[in-house]
Structures are given as structure tokens and as C-alpha cells.
1. Neighbour counts of other C-beta atoms within 10 Å: give me 214, 184 arranged from fewest to most.
2. By the scheme Lys and Arg +1, Asp and Glu -1, what is the net charge of all other residues having a beta-carbon under 12 Å from that of residue 96?
3. Below 11 angstrom from the Cβ of residue 227, what's the summed charge of the other residues (Lys, Arg +1; Asp, Glu -1)?
4. Taking springs between alpha-carbon atoms closer than 10 angstrom, which of 182, 19, 115 fluctuates most in the Gaussian network model of the chain?
5. Output the relative contact order of the chain, whole-number percent, from Cα pairs under 8 angstrom with separation of 6+ residues.
6. Of 349, 331, 400, which is farthest along the charge dipole of segment 287-438 in the positive direction, counting Lys and Arg as +1 and Asp and Glu as -1 at C-beta?
7. Based solely on its DSSP helices, what 222 nm [θ] is calculated for the chain when runs of n ≥ 4 H residues each add -39,500 (n - 2.57) and the sum is averaged over all residues, nearest 500 deg cm²/dmol?
8. May I ask you to list the residues of segment 179-217 whose amide nitrogen lies under 18 Å from a point 7 Å from Cα along the Cα→beta-carbon direction of residue 106?
Amino acid sequence: MSIVLGCIADDLTGATDLAMILVQAGMKTVQIVGMPDENTPVPDAEAVVVALKSRTTNSYDAIRMSLIACDWLQKAGAKQIFFKYCSTFDSTKEGNIGPVTDALLEKLGCSDTIACPAFPENGRTVYRGYLFVNEGLLSESSLRNHPLTPMNDPNLKRVLAAQSKSHITNIFFEDVEKGPEAISQAMKIRVKSQEKTVPVIHIIDALNDNHLQSIGQACQGMALITGGSALAQGLPDNFRKTGWLPNFIKKASFSPPLGSSVILSGSCSEATRAQVEYAKSRIPHFRLDAFDILEKKPVVEQALEWAEQAMKADDPIMFYSSADPEIITRIQKERGRVEVGSRVEAVIGKIAHGLKKIGARRFVVAGGETSGAVIDALGVKTMEIGPPIDPGVPWTISDGTPSLALALKSGNFGTEDFFLKAVSQLKKSDEIEKERAK
Ligand SMILES: Nc1ncnc2c1ncn2[C@@H]1O[C@H](COP(=O)(O)OP(=O)(O)OP(=O)(O)O)[C@@H](O)[C@H]1O
Ligand SMILES: O=C(O)[C@@H](O)C(=O)CO
């Protein structure tokens, strides 16, 4: 088996989201955590997703990491590179979506690429170049209060033009609706009519999965594509047409390790806060106070002491630092956004490490940055993708001994009962396994 599609994701939960969509579309997919190097074995897979932590780093580092990942994927045989970012286009004024796309365009020698964050199943659609979250504009959604990447402008052309040296164009819904041929044609016209000698990035409208399928088909043979995970659903068929991918889909097996279940939430999104509230009234929980963390109180020790007792019962337990926007704004004003974020992440990582030592084997983590910190602390290098819990969030199993079951949830994904649903999904699979073994 050789790699056909090489993906670079700018955060961990986004990578898992993409890997799940590729698996569902029939590609054997492995996720590599962090930058691969010459010692990283090429997995036996058709698609590889490299999960970086480059969404909120400085642009220099984001470019450097993405180019190294791209190089590795190309050497491993990838015929197309997919730069995956958030379906809500999470980025700062400086980047990193624009700078990384520019650098990849240059490296791959492309005249153009596309940018399409749409993820209709999760309510993200693009119409006339404006990004919508459910029924409203991006800038009216809770993403305007994101602690690291507040999104206040829904006009993707404007947002990307501020970050990128490329020429930004739009391909509107009317062309997309007509299908792959019309989309390809529209892209060609825009590249031809471009007077400057810079590459072109086409922001493409997409309101539903049919549109994404058409866009995927129109991208056949394009060396670089960029967008949200849902864009991937249209790609495997291109590879089947060229014979790079078999026409049958093999179902992968999934056997999660046994052990205690823990929930770690560092996401402060609206969806996660509702999920935390839901779980709080049902399972033992421990609040991580960001002010205590900044004052260097022994939060990790206290949390683990509590966990040793709480884990004696069979219930999952939850740790959360998730807080309301007013509290976040206050602490960030006092101590700086980056400082607060990284200190809280470090503490959650240490707690995860301690929990593994005392028997936790099933981790549900909320938040992309938080998941990155947890995975680092747990020493996970690769992950195999298992069954979906909710759109965009699968169970996964890590490499290494002991192996761990991990559900890494993007901040805004999942239903209100997500945490408990994820845990009971594995319990059900344990019961089925027990029955089978009888
Ligand atoms: N109480 C708190 N006060 C200030 N910052 C916090 C607090 N709790 C968590 N944080 C920080 O907020 C950030 C949340 O980002 P994270 O990526 O984990 O979640 P998210 O943005 O909701 O998820 P995603 O990136 O998947 O959309 C992290 O850096 C985390 O450390
Ligand atoms: O695309 C999304 O919304 C997610 O995969 C993600 O990246 C959130 O951090």
C-alpha cells in the first residue's frame, strides 16, 4: 500500500476530524502527531494526516513545520497535498492560513489552489465568500469570543487577503451548483485573467455535501488543496478513477483498551461549556481554576489526589478549566492571552500524564490546543481512527504501550451529552466484545 493523499492539519482535533472523513470515504488513514522526520516510519496507509500545532504559533514556525511535513509526505509518495484548517477559518490577523498556503503553493510550484472551509453537516457553509455558522454569519457566532483566534470578519476574501501574498478570488455558488466542469472552468478563467505573477487562491462557495463532492472532483490533479475536513469527502473517488485506490472499502476493526475513563476539557467554546454543564450534573468533576494555575498553586497535585479516590468508582470523571467569556477576557487582560493559554494547557497535560499512571486508558479531551497538550504529555505519536461519536469526532487508538483510547473533540463540535455519549459508546463495545468472547 502506498500513500496517495498527504494531509497537513493545523491542529490535532482538526486532524482527527479529517482522518475520520477519509476513513468514512474508504481510505485507510493514519494520523501522525507532530512533525515527522527521517526516522518516522511510513505507515501502511492510503492517506496520512500530519497533525501540527500551528494554528496559533507565529507564522515563521507554522510555515517551517508545514514545509517539513509536506516534504516528508511527498517523499512518502503523496500525490496530492491537503492543508486542513478549521471550518470556522480560525486564524489571527497575521495567519496562519494565508502564510502557510502561500509557502505550500511556492514549494509545490502551483499556479493556484482552493480555499473552502465549509462543513455543512456541522452548520458551516460558504455563500458569496461569506462564512456562515448555522443560521448566522461567522462574526455573529460564538467564534467572535474565541480565546485565541476571535473571528470578527465573515468575509473570507478580506480575511485571507490580509494574511496572504497570493491573489484571492471567489467562485460563487452558481458555478458550484453546475458541477465539477463549471468549477474547473471558473478556476482556469481566474488564473488566466490574473495579471500579477503571484498564485491564485479561489475561495469556493459550498452549501451542502453535493457541492463539496463537485469541488473535490474539480480538484483532481491539483497538487495542493486547502480547506475544512468535509472537502475531503470528494477526493477518494478521484483516486479510484486513476486506479491509485481500490474500488472496495475494507472495514477496520476497533478494540479499545480497558481502563478508567476520564474527560479533560480546556475548551471554552459555547458548545463545550454546555457539554461540561451537562456532565457536571451527572458525574464526579474537578474544576481547574486558571487564576490558581497562574498563581502556581499545587493544582496538579490536588487534581490527581482527588482522582485517585474518584477513579475507584466505575464512573468517568471530569476535569475542566472551561470558563465563560467574561472570565477569560478578565484573566487574559491581566496576564496575556498566550501566557494564560499555555499555562492552562500545561497543567491539563500534566494531569493527563498523572491519570495515565494511575490507570486511565480512555481519554475524552475537549479543545484543539488542549488536545495537543494532552497528546504531547501522553507521548502519543500515531493514532488509528475508529468509529465516529459525532460529526467530526471519532474514537481513536494510540500507538505505544499501553495503548490508549482517545476522543479529541474540536471546541465547537458535539451534542450536549457528548462526553457521556463517548464513554458509553466504548462501554457498549466492551459488552459486545464480552458476549462474543463467551
Ligand atoms: N479558564 C480559562 N481561562 C483562560 N484560558 C483558558 C481557560 N481554560 C482554558 N483556557 C485556554 O483556552 C484555550 C482553548 O483553546 P482550545 O483549542 O483548547 O479549545 P477551542 O478553541 O474551543 O477548540 P478548537 O481549537 O478545537 O476549536 C486553551 O489555550 C486553553 O488553555
Ligand atoms: O474544522 C473544524 O471545525 C475542526 O476540525 C477544527 O479544526 C476545530 O479546531
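1. Lowest to highest Cβ neighbour count: 184, 214.
2. For residues surrounding residue 96, the net value is -2.
3. +2
4. Residue with maximal mean-square fluctuation among 182, 19, 115: 182.
5. Relative contact order here is 18 percent.
6. Of the listed residues, the answer is 400.
7. Helix-only estimate at 222 nm: -12500 deg cm²/dmol.
8. Once the point is set 7 Å along Cα→Cβ of residue 106, 196-201 turn out to lie under 18 Å by backbone N, inside segment 179-217.
Throughout, read-outs are computed from the coordinates displayed, never taken from laboratory work. Quick caveat, the model's predicted, so the values are computed rather than measured. Neighbour counts are summed over all protein chains in view; Cβ atoms, including those assigned to glycine, are modelled from backbone coordinates with ideal geometry.
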